[in-house]
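Report on the following structure.
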Amino acid sequence: MILVGMTLDEITEATKSFDLPRYVAREIALWIYRRGITNFNEMTNISLKTRQIIAENFELGLTPHSKEAVSSDGTKKYLFPAHTDKYIETAYIPDKNRKTLCISTQVGCKMGCLFCMTAKQGFQGQLTSGEILNQIISLPEKDLLTNLVYMGMGEPFDNTVEVLKSLSILTADYGMAISHKKITVSTIGIIPGMRSFIEKTQCQLAISLHSPFDDERVKLMPIENIYPIKEVVQVLKDYAIEKQRRISFEYILFKGINDSQLHINELARLLNGLRCRINLMRFHPIPGTSLAGTDEESLQEFRNKLDRKGIITTIRASRGMDIMAACGLLSTKELQENKT
């Protein structure tokens, strides 16, 4: 039975059948999630006999990364094995006092976004809460982290149960006790999962927007056919999101597609009345697409015009370009190499 990824209640239930004292479950959780043990012998405040019972019946379930790429700007891309002959990516992004980890929630993705390399892999499987948390616990820099973002491979709300379970462990006092304010989950706008997230957590939310126009967005993101962006935004307005929760919209600027004054006007109309910010992003080129990024001058002008509309707008720095930091590139390369 694998322990990493189990909640305290699950660990308590699992240890009951071995007649272990109730406090042992909490100690196991603290040793795994808070103190980061790599074997059961490190649980020094638990008796040797109890440790032997635990070792005979449980596994930690930690998996080290199989490959690491280091950028000239300090960004690191880790490749973790997942399922059989598959891989997921985890990106460590240091920036002065901020140390962010970008983690994956699925192997591949079924959403088919035109600009995403992970989408080109197709859907290859769900990650369990343990496999999600393993990306953090097994990280060499785990003790340096200040922020977590669920923006790696996959759509978090296409794997809502396991994602919410991982969030509960990350924020619990028996778990890693990370502040909700330091965790952001990104979605393309799957409304049922988004509702569950808003109702069950206090973590931050990011929405992949990329165009305010339905007919244009659907070409970039087929999910628009099922959950139109107007409905996604209305859900956020209906919940009257409290002030301590941050809502942001991710917007990749594509040359000649979504970077006009018409888009600025429609974004202002769409988001009117919603306390939020827009994060503008440069397009990281991927093979097999005709999309091109907007030039730097137009990017800055787009930001300034949104600011003048009263929308807080930032430009996200591009990191790790020399190590294929765009999500899905490194794992795709590894998959291709293993086939040859």
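The values are calculated or read from the model by the stated rules, or taken from the named source; none is laboratory data. As the structure is a computational prediction, the values presented were derived from the model and not from experiment. Neighbour counts are summed over all protein chains in view; Cβ atoms, including those assigned to glycine, are modelled from backbone coordinates with ideal geometry.
A compact table of results
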item: Selection within segment 48-58 - surrounded by 12 or more Cβ atoms within 10 Å (Cβ to Cβ) and either outside any helix (DSSP H, G or I) or of a type in the set (Lys, Arg) (or both); result: Arg51, Phe58
item: Pair list, Cβ under 9 Å, 6 or more apart: segment 113-141 residue under 30 Å from Ala177 (Cβ atoms) and assigned to a strand (DSSP E or B), other residue of a type outside the set (Val, Ile, Thr) and modelled with pLDDT of 95 or more; result: Gly125/Gln106; Gly125/Gly108; Gln126/Gln106; Gln126/Gly154; Gln126/Asp158; Gln126/Asn159; Gln126/Glu162
item: Subset of segment 81-105 [under 25 Å from Gly125 (Cβ atoms), exposed (fewer than 14 other Cβ atoms within 10 Å of the Cβ) and without any contact (Cβ under 8 Å) to a residue 24 or more places away in the chain]; result: Thr84
item: Segment 15-32 - residue that is modelled with pLDDT of 90 or more and of a type in the set (Ser, Thr, Tyr) and, of those, nearest to Ser47 (Cα to Cα); result: Tyr23
item: Candidate set: segment 257-291, residues that are of a type in the set (Gly, Ala, Ser) and modelled with pLDDT under 95; chosen: the one nearest to Glu216 (Cα to Cα); result: Ser290
item: Any hit, segment 67-80, residues being surrounded by 12 or more Cβ atoms within 10 Å (Cβ to Cβ), among the hydroxyl-bearing types (Ser, Thr, Tyr) and in a helix (DSSP H, G or I); result: no
item: Members of segment 186-237 found to be outside any loop (DSSP other than H, G, I, E, B) and among the aromatic types (Phe, Trp, Tyr), listed by number; result: Phe197
item: Test: residue in segment 25-41 that is more than 22 Å from Val185 (Cβ to Cβ), among the β-branched types (Val, Ile, Thr), outside any strand (DSSP E or B) and touching a residue at least 40 places away in the same chain (Cβ under 8 Å); result: yes
item: In segment 205-231, the residues that are more than 18 Å from Cys109 (Cβ to Cβ) and buried (at least 20 other Cβ atoms within 10 Å of the Cβ); result: Leu205, Ser211, Pro212, Ile229
item: Among (1) surrounded by 18 or more Cβ atoms within 10 Å (Cβ to Cβ); (2) in contact with a helix residue (DSSP H, G or I) (Cβ under 7 Å, 6 or more places away or on another chain), the one test that His180 misses; result: (1)
